[in-house]
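For reference, the structure is listed below as structure tokens.
The values are calculated or read from the model by the stated rules, or taken from the named source; none is laboratory data. The structure presented is a predicted model; accordingly, all values stated were derived computationally and were not measured. Please note: Cβ atoms are built from the backbone with ideal geometry, for glycine as well, and neighbour counts cover all protein chains shown.
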Amino acid sequence: MMIFTLFSKYTMSLSSPQDGLPVAQRYWAILTIALGITMAVLDGAIANVALPTIARELNASPAESVWIVNAYQIAIIVSLLSLSFLGDMLGYRRVYQAGLALFIATSLFCALSTSLNMLTFARVLQGFGGAALMSVNTALIRIIYPQRYLGRGMAINSLIVAVSTAAGPTVAAAILSVASWKWLFLINVPLGAIALWLALRTLPDNPQKATAQKFDIPSAIMNALFFGLLISALSGFAQGQNGWLVLAELLALLVVGLFFIRRQLNMAVPLLPVDLLRIPIFSLSMGTSVCSFCAQMLAMVSLPFFLQNVLGRDEVTTGLLLTPWPLATMVFAPIAGRLIERVHAGLLGGIGLAMFAAGLFLLALLPAQPGDGDIIWRMMLCGAGFGLFQSPNNHTIITSAPRHRSGGASGMLGTARLLGQSVGAALVALMFNLFDQSGTHASLLLAGGFSTVAAIVSLSRMTQSRAAA
């Protein structure tokens with residue numbers, strides 16, 4: 001009873017705080033963000049493990065069932081910037097609450113689906129809900145936390161994203177061991193209901209909103225076409241699809257991109273935040289983010305094949321050997337969140353990415369018959385380096401933008417992550433097509449190269465002054 005009394009005391013007012021929420025309301029608000037982002041990120045990977053089972057029950061081929069995953073990811077990446085723009089216009093709280101409501105409803109829709117087409121359509125709608133959550137979460141954290149503690153809030157967010165990404169297959173396996181695949185989606189209903197109730201009670205409104213008077217529908221359509229064509233062309237090239245089809249997609253991408261960027265350059269408040277990309281430390285941090293998430297996905301997709309096909313480990317052992325990575329990230333992300341208050345983000349990110357690159361190169365150069373301990377400490381080095389980098393980088397991206405453009409910065413942060421991961425996954429497929437079984441080594445070496453580039457870009461930010469809120 002005392003907990004709910006305190007909760008009511010600190011959540012009556014939803015007005016915009018000048019410098020963070022009161023401590024009690026802050027904890028409830030960050031719990032709301034944590035629940036929403038955990039569901040949105042987990043659902044990007046949680047269905048992978050169940051694809052064979054779902055394909056059998058819905059009478060679909062393995063190739064067709066992949067659309068259960070692709071539909072969700074594509075829906076997110078084509079709508080993320082549009083929804084972050086709406087957050088700047090209408091309020092981050094409104095977009096987040098609407099996203100939660102849509103995510104809950106579409107999770108139920110997924111569980112009730114009786115055909116592949118029905119489930120794929122439900123996953124598209126669920127992706128729009130997930131995009132709404134991802135598009136404004138860091139913008140909300142900027143309002144929830146006082147400026148002096150913002151690094152800690154960003155560390156919590158980075159921790160949630162990193163652990164949820166890595167834990168997806170483990171969580172799915174645990175659910176499938178006791179229930180049907182439908183519970184991969186049904187579990188979101190009670191969790192989402194709790195998150196929505198908390199969101200209605202605790203999330204603050206924007207201190208100030210962007211000056212755009214209306215939502216620019218042509219920009220939203222061109223944004224969706226641009227990113228949709230980009231992902232399709234990347235996947236088609238990597239998987240060896242018809243060259244003429246890939247070329248046609250690239251030409252269409254160039255035409256759409258030209259008109260899209262020209263339109264954004266002429267807008268006072270653009271949907272694609274080209275105004276933010278003119279800020280040197282923002283654009284450098286975005287480049288660092290794309291390269292680092294590309295490296296992460298190259299490693300995450302190729303490592304299971306490397307451990308099983310090259311090193312001869314079974315599925316259970318593979319899962320256990322991958323676990324030290326997210327565990328190390330869990331330890332180092334909060335540390336980085338506190339260090340950002342005293343150490344330049346460029347230096348922290350550079351050190352973390354150098355550690356990440358070293359771990360990736362050392363994994364690629366493992367001896368023919370390594371012991372489990374040899375693999376584990378390399379995994380820990382990768383996870384520690386990534387954890388040390390991600391929180392300061394996210395902090396820099398969000399604080400280098402003006403407060404009224406926090407939604408645009410939040411959307412770009414999510415777009416950089418998804419774009420990097422999409423490129424990384426496509427490059428793994430390309431490495432396997434080019435080098436067959438040696439594709440695992442090639443992928444890890446390429447990941448190390450991307451991480452090295454990201455480290456250099458991160459260190460170059462030290463010539464820039466610290467971002468100010």
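Conditions tested, residue by residue: (1) farther than 14 Å from L42 by Cβ; (2) of a type in the set (A, V, I, L, M, F, W, C); (3) out of contact with any helix residue (DSSP H, G or I) (no Cβ under 7 Å at 6 or more places or on another chain).
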residue	(1), (2), (3)
T120	yes, no, no
G127	no, no, no
G130	no, no, no
Y149	yes, no, yes
G168	no, no, no
W197	yes, yes, yes
M222	yes, yes, no
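The residue that is nearest to V301 (Cα to Cα), among those in the range 26-83 that are buried (at least 19 other Cβ atoms within 10 Å of the Cβ) and among the aromatic types (F, W, Y), is Y72. Just to be sure before I move on: is G44 part of a loop (DSSP other than H, G, I, E, B) and touching a Phe, Trp or Tyr at 6+ places or on another chain (Cβ under 9 Å) in the structure I sent? So G44 fits the description; yes. Of all the criteria given as (1) buried (at least 19 other Cβ atoms within 10 Å of the Cβ); (2) assigned to a helix (DSSP H, G or I); (3) among the polar types (S, T, N, Q); (4) out of contact with any Pro (no Cβ under 9 Å at 6 or more places or on another chain), the one not satisfied by S113 is (2). Here Q241 meets the list (1) in contact with a helix residue (DSSP H, G or I) (Cβ under 9 Å, 6 or more places away or on another chain); (2) surrounded by 15 or more Cβ atoms within 10 Å (Cβ to Cβ) almost entirely, failing just condition (2). Listed by first and then second residue, the pairs with beta-carbon distance under 9 Å, at least 6 apart or on different chains, first residue in the range 374-393 and among the basic types (K, R), second surrounded by 24 or more Cβ atoms within 10 Å (Cβ to Cβ), are R378/G359; R378/L360; R378/L363.
Okay, residues lined up against (1) in contact with a Cys (Cβ under 9 Å, 6 or more places away or on another chain); (2) closer than 19 Å to F389 by Cβ:
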position: E249; (1), (2): no, no
position: L253; (1), (2): no, no
position: L272; (1), (2): no, no
position: C294; (1), (2): no, yes
position: A299; (1), (2): yes, yes
position: N309; (1), (2): no, no
position: R313; (1), (2): no, no
position: G319; (1), (2): no, no
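Scoring P304 on the criteria (1) of a type outside the set (S, T, Y); (2) under 24 Å from T165 (Cβ atoms); (3) surrounded by 17 or more Cβ atoms within 10 Å (Cβ to Cβ); (4) in contact (Cβ under 8 Å) with a residue 40 or more places away in the chain leaves a single failure, condition (4).
Does any residue of the range 165-182 turn out to be over 30 Å from T318 (Cβ atoms) and either without any contact (Cβ under 8 Å) to a residue 24 or more places away in the chain or in the same structural domain as L119 (by TED's automatic domain parsing) (or both)?
No, the conditions are met nowhere in the range 165-182.
Candidates L445, L413: the one that is at pLDDT 85 or above and farther than 28 Å from A131 by Cα is L445.
Taken together, the criteria exclude S422 from residues that are touching a Leu at 6+ places or on another chain (Cβ under 7 Å), in a helix (DSSP H, G or I) and closer than 19 Å to G359 by Cα.
Residues are listed down the side, and each one gets a yes or a no for (1) assigned to a loop (DSSP other than H, G, I, E, B); (2) of a type outside the set (D, E, K, R); (3) at pLDDT 90 or above:
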{"residue": "G153", "(1), (2), (3)": "no, yes, no"}
{"residue": "V161", "(1), (2), (3)": "no, yes, no"}
{"residue": "P169", "(1), (2), (3)": "no, yes, no"}
{"residue": "V178", "(1), (2), (3)": "yes, yes, no"}
{"residue": "P207", "(1), (2), (3)": "yes, yes, no"}
{"residue": "F215", "(1), (2), (3)": "yes, yes, no"}
{"residue": "A220", "(1), (2), (3)": "no, yes, yes"}
{"residue": "A224", "(1), (2), (3)": "no, yes, yes"}
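Could we say that M118 is crowded, with 19+ Cβ neighbours inside 10 Å and out of contact with any strand residue (DSSP E or B) (no Cβ under 7 Å at 6 or more places or on another chain) here? No; evaluated as a whole, the condition is false for this residue.
Per-residue answers, yes or no, for (1) touching a Cys at 6+ places or on another chain (Cβ under 7 Å); (2) within 21 Å of L159 (Cα to Cα); (3) of a type in the set (S, T, Y); (4) in contact (Cβ under 8 Å) with a residue 60 or more places away in the chain:
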position	(1), (2), (3), (4)
L35	no, yes, no, yes
A60	no, no, no, no
S79	no, no, yes, yes
L83	no, no, no, yes
R93	no, no, no, yes
A101	no, no, no, yes
C110	no, no, no, yes
M118	no, no, no, no
A122	yes, no, no, no
